[in-house]
1. Closer than 30 Å to residue B:29 by Cα, away from chain B (no Cβ under 14 Å) and either touching a Cys at 6+ places or on another chain (Cβ under 6 Å) or not acidic (Asp, Glu) (or both), is that true of residue A:175?
2. Of all residues in the stretch A:178-200, how many are in contact with a Phe, Trp or Tyr (Cβ under 7 Å, 6 or more places away or on another chain), within 14 Å of chain B (Cβ to nearest Cβ) and more than 23 Å from residue A:130 (Cβ to Cβ)?
3. What are the pairs with Cβ atoms under 7 angstrom where one residue, in the stretch B:244-272, is away from every other protein chain (no Cβ under 12 Å) and in a loop (DSSP other than H, G, I, E, B) and the other, located anywhere, is basic (Lys, Arg) and surrounded by 17 or more Cβ atoms within 10 Å (Cβ to Cβ)? Sequence gap at least six, or different chains.
4. Taking residue B:282 as the residue in question, decide whether it is assigned to a strand (DSSP E or B) and at the interface with chain A (Cβ under 9 Å from one of its Cβ atoms).
5. Could you check the stretch B:285-312 and list, in sequence order, the residues that are closer than 11 Å to residue B:109 by Cα and either surrounded by 21 or more Cβ atoms within 10 Å (Cβ to Cβ) or within 13 Å of another protein chain (Cβ to nearest Cβ) (or both)?
6. From B:211, B:203, which residue is out of contact with any helix residue (DSSP H, G or I) (no Cβ under 7 Å at 6 or more places or on another chain), within 14 Å of another protein chain (Cβ to nearest Cβ) and charged (D, E, K, R)?
7. Keeping to the stretch A:220-236, report how many residues are touching a residue at least 40 places away in the same chain (Cβ under 8 Å) and assigned to a loop (DSSP other than H, G, I, E, B).
Amino acid sequence: MLLHGVGDAIYLGVLGVLTCVRQRPAPFSKRYNCCISTTSRMYSYMHIYPLGDATLVIEFGKDTSPEIRQRIRAVVAQLQTSPFQGFVEAIPAFTSITVLYDLQKITYSEAEMYVSKLLSITSEVQPRAGRTIEIPVCYAEAFAPDLKTLAAYLNLSVQDIIDLHTQPLYEVAMIGFVPAFPYLVGLPEQLYAPRHATPRLAVPAGSVGLAGKQTGIYPFETPGGWQLIGRTPIKLFRPDAEPPSLLQSGDFVKFYPISEREFFERSQQAR
Amino acid sequence: MSIAVQDAGLLSTVQDLGRWGRQHLGIAPTGALDTCASTLANWLVGNDATAAVLEMTLVGATLKFETDALIALCGGKFAATVNGQPLPLYRPVLVSAGSQVACGRAEVGARLYLAVSGGIDVPQVMNSRSTNLTARFGGMEGRTLQPGDRLYMGASSPQAQKLIAALKAQGKGKAIATTPFFISPTICHIPTSPLIVRVVLTEAFQQLQPESQTQFFQSPFTVSAQSNRMGYRLSGKPLAFQHYEERLSAGTVNGAIQLPPDGQPIILLADRQTVGGYPIIAVVASVDLPKVAQANVHTQIYFQAIALQEAQELYRAQQRAMRLCKAHLDLKLDMLQP
């Protein structure tokens, strides 16, 4: 249920001001204080501002949270299903949505007005329910060039790393960087590790890596600086399929270990 | 009905106006970098602006036409030839079967677009024929052109067929035939040295140190050799934030000027990463994106700030000028006698 609509007001209530003190006001920007849901009582500021002459950004806070990401997905779904005149596309991220518009069809203030109205009415819209996708990973040495050194660095055994890595249900926080690359959150703290100082020039497709608080899968061969601990035979990016990305923002991922033999069998099937 | 690639040039890819609507899946828009030039080239051969063209960088391709073809070259000033004779740019040109077209090297600018009537016929992937070099799909098998490749042409529009008939009657067996009229290469922008690039500032710009804010406009930045279709790495006096704060990754846009910790800005282009964590201090105004696309390695750039509204008005004016040009072109083509 809505507490209040945002309309054209610039500041609504004290909460909006209190939660925004870290941000300085800027030209063109307006702040909205809005209720995510009455049950969770999660208040968050919303900050809408331009990025160049054909884009606006909706920012939901400085730090990400499962609630903020759900809210972002709901708003993106709403924008995609009922786009405004001149809407091009929306890029959801950890704390923000980047909305591209056609500046021949709509001005910034019109787009901003539409978006702020939309934000006032989508509080209760539920995004698509995330699926859980199980992804097989072969942690054998041939596919995990960094596993041994990482184990030494983290003071764990190789088996500990595999057990810890396959334990959580990871959330796909967003897809980006390169096609179908999932940013997975939920990595156990014991596995936090730095990136390589010098990135590898070519990380093989399907490589599963760690960096900072995140784990991810390289959809195809690219340069990359993550710690490589395994490889999956599953294809994450299929340009001829619809949708072309196996994973979507809001899905959940569970890794499970497979042997080298299984890896090769699955690789054959994936072709 | 094909074109044989004899020499692929430095970096030649099939592009259209881009693969939009998939950035939430990490798929960059790609597409022609100088959309003004690619659009004009398409219009000159009776195509829609959305038809696929060949984008060439610094060194053009050498092509053998196995059939008569209506072509147009637009973009940077390249020394193009057909069978050794100069080939005019910004005009519709009928090239006869067996001719060799060498697109030459860039004398001014960086990118040249070759349009053929009917467009370059490669399969559409996700509603676009643009090449995605990162994920290796779209365009010519997701890669740059190679010697030995064959490019196929789609069906010519009725307007193009009429023009082809008129030029054939006029050409009478010569290697090329062209119209007396042409499009002005300066319709979208005039190449200047140094390049003045207009930008819309962001909030992050206010977080730069005061000296860096002044320096951003007053000292030049040079396009470095580590530049590609993903972005231009600039080098100049390093810029610094009052407090450097890397943010959680968020969506990027064409023309976004990122500032990594080394203080050397990067202008993001069509093949960019869809999300990034470096602060964005300004965004190139849409009206100047084609101009930026023609910047060469070592080109000096000065930035100039304009207001958001002004940027939008300038872009709309540019598009109006383009439409007016198209209307004139249509009029000329309608008046042609077969």
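1. On the way: closer than 30 Å to residue B:29 by Cα: yes; away from chain B (no Cβ under 14 Å): no; either touching a Cys at 6+ places or on another chain (Cβ under 6 Å) or not acidic (Asp, Glu) (or both): yes.
Taking the combined requirement at face value, the residue does not satisfy it.
2. Here the count works out to 1.
3. B:264/B:233; B:269/B:229; B:270/B:229
4. Values: assigned to a strand (DSSP E or B): yes; at the interface with chain A (Cβ under 9 Å from one of its Cβ atoms): yes.
Answer is yes for this residue.
5. B:290, B:291, B:292, B:293, B:294, B:295, B:299
6. B:203
7. Taking the stretch A:220-236 and keeping what is touching a residue at least 40 places away in the same chain (Cβ under 8 Å), we get A:220, A:222, A:227-234, A:236.
Narrowing the set further to residues that are assigned to a loop (DSSP other than H, G, I, E, B) leaves A:220, A:232-234, A:236.
Looking only at that region, the number is 5.
Every residue, every condition in (1) within 14 Å of chain A (Cβ to nearest Cβ); (2) of a type outside the set (Ser, Thr, Tyr), yes or no:
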residue: B:3; (1), (2): no, yes
residue: B:6; (1), (2): no, yes
residue: B:9; (1), (2): no, yes
residue: B:20; (1), (2): yes, yes
residue: B:25; (1), (2): yes, yes
residue: B:39; (1), (2): yes, no
residue: B:45; (1), (2): no, yes
residue: B:52; (1), (2): no, yes
residue: B:55; (1), (2): no, yes
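The values are calculated or read from the model by the stated rules, or taken from the named source; none is laboratory data. Given the structure is predicted, the values throughout are model-derived calculations rather than measurements. Ideal geometry is used to build each Cβ from the backbone, glycine not excepted, and the neighbour counts take in all protein chains shown.
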